Amino acid sequence: MTTCGVRIAGTGSAVPDRRLTNDDLAQMVDTSDEWIRKRTGISERRVVDRESGEGQFTLACTAMQRALDDAQMRADELDLIINATVSAEMTCPSNACRIGAHIGAGTAGAFDLVAACCGYVYAINLADSLIRSGRHRAVGIIGCDAMSTLLDYDDRSVSILFGDAAGAAVLVADDDPDRGCLHQVMEADGNGWESLYIPRKEADVAEGAVGEHIKLGCLRMDGKGVYRFAVGKFQKVIEEALQHTGLAVDDIAQFICHQSNVRIIESAKEKIGLPDEKVYINIDRYGNSSAGSVGLCFDELRRAGKVVEGDRVIFVAFGGGMTWSSSVWKV
Ligand code: UT7
């Protein structure tokens, strides 16, 4: 191991222009703006325009390029690209390889990472470890999902929740070993896979769901089950991160949480006693964008000057798998 630290040299994000409001959804299924706002905190979400070629690939490319511009770096200075997603257009090649080619990253290593909504936090943890190991010097990470390409818009229990977005960051080696990730958790329990999954063929469909209306290639979710899991997990993961690092709530500038459902975030906030201004919320504008959400929040916070150099932040996420993760940073 080297003794270097890790610096976040730049961040970027991207969302499609097309808006899908709650009222738009109410034209498609039996739902209402009032129900969606009350149960999820969402007013609208963004969705890609597939006919014009938009998708996970294009959103991820835009966010990565913006992060490079912010870092004032060229793509060929990256030596690795990690694209966290569940909605890549193809499984082979990885979208990360195509992103690298598109932005001009030369022969930088590239792979997609599948950890559902935990994607960005898994990626930032991994990138920090790879840089500290001395194997890599500059890593581009992207959390991006075009969830609208995986939804059955006839299924109101799932379709109202998700939107499309990308968040990216450029991480580089830094002389200060105390800079970067101070503590990280990446865990999973595959026994819970049936709570959130995308069946590709009949045989993938969970046993209990036989006979239900199932659209292959579309996300299936046990909303209540995931909700219960998430409420407990968010609180536990944040408390563990504070305990392990010896940091108090006052020492943390922002708790950057996966935007799953505003009620899940509010519940953790109340139980731990986190002040409103330290828990960023943008789910009202973008919905739950899976791997896109944490990076999108982080980029908006940096742009608004709410996270500045030297601040400590905690990234937290949970998602399909089931997976959960945290990352405490000195940025
Ligand atoms: O990123 C990680 C992935 N996922 C999550 O974090 C999801 C976690 N879960 C949730 O966010 C919530 O469970 C949902 C937003 C998905 C659903 O909210 P809920 O409060 O758990 O609703 P529910 O499923 O308990 O349904 C309550 C009622 C039911 O009607 P009855 O049985 O009480 O008559 C549903 O049929 O609301 C009905 N309902 C709806 N009504 C209007 C369910 N979906 C809708 C809808 N519009 N879209």
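Before moving on, here are some points about what is shown:
- Acute angle (nearest 10 degrees) that the helix 293-303 long axis makes with the longest principal axis of the chain, alpha-carbon atoms: 50
- Taken along its three principal axes, the alpha carbon spread of segment 112-243 comes to 58, 31, 26 Å, from the longest extent down to the shortest.
- Here the peptides 182-191, 79-88 are ranked by packing, the mean other Cβ count within 10 Å, and the order with the highest first is 79-88, 182-191.
- As a fraction of the 1.4 Å probe accessible area of segment 39-146, surface on carbon and sulfur atoms comes out at 48 percent.
- For Asp152, net neighbour charge (Lys/Arg +1, Asp/Glu -1) across residues whose Cβ lies under 13 Å away: 0
- Across q = 0.08, 0.13 Å⁻¹, the chain modelled as identical point scatterers on its alpha-carbon atoms has Debye log10 I(q)/I(0) values of -0.34, -0.92, in the order of the q list.
- Within segment 216-238, backbone nitrogen closer than 16 Å to the virtual label 7 Å beyond the Cα of Asp189 toward Cβ: 222, 224-238
- Which listed pairs, of Lys236/Lys306; Lys233/Lys269; Lys38/Lys233; Lys236/Lys330; Lys224/Lys278; Lys278/Lys306, have C-alpha distances above 19 Å, in listed order: Lys236/Lys306; Lys38/Lys233; Lys236/Lys330; Lys224/Lys278
- On Cα atoms only, tilt of 119-132 relative to the major axis of the chain in degrees: 20
- Other residues within the sphere of radius under 9 Å centred on the Cβ of Ala253, judged by their own Cβ, net out at +1 (K and R +1, D and E -1).
- Under the convention that each Lys and Arg Cβ holds +1 and each Asp and Glu Cβ holds -1, the size of the dipole of segment 5-177 around its Cα centre is about 360 debye.
- About the Cα centre, charge dipole magnitude for the chain (Lys/Arg +1, Asp/Glu -1 at Cβ), debye: 280
- Put a plus charge on the Cβ of each Lys and Arg, a minus charge on the Cβ of each Asp and Glu, and nothing anywhere else: the dipole of segment 181-330 about its Cα centre is then about 220 debye.
- Across all C-alpha atoms in segment 5-177, the radius of gyration and Dmax reach 17.4, 56 Å.
- Accessible surface, per residue, of segment 214-284 when the full set of protein chains is kept, probe 1.4 Å, Å²: 45
- Surrounding net charge for Lys269, when Lys and Arg each add one and Asp and Glu each subtract one, Cβ distance under 13 Å: -2
- When the square roots of the Cα gyration tensor eigenvalues are ordered a ≥ b ≥ c, the ratio a/c for segment 181-330 is 1.5 or more and a/b exceeds b/c, which makes its shape prolate.
- MRE, 222 nm, helices only [DSSP H, n ≥ 4, -39500 (n - 2.57), over the chain, to nearest 500]: -9500 deg cm²/dmol
The values are calculated or read from the model by the stated rules, or taken from the named source; none is laboratory data. None of the values given here were measured: they were computed from a predicted structure. Please note: Cβ atoms are built from the backbone with ideal geometry, for glycine as well, and neighbour counts cover all protein chains shown. Note: areas computed on protein heavy atoms with side chains; ligands, DNA, RNA excluded. Shrake-Rupley method; radii C 1.70, N 1.55, O 1.52, S 1.80 Å.
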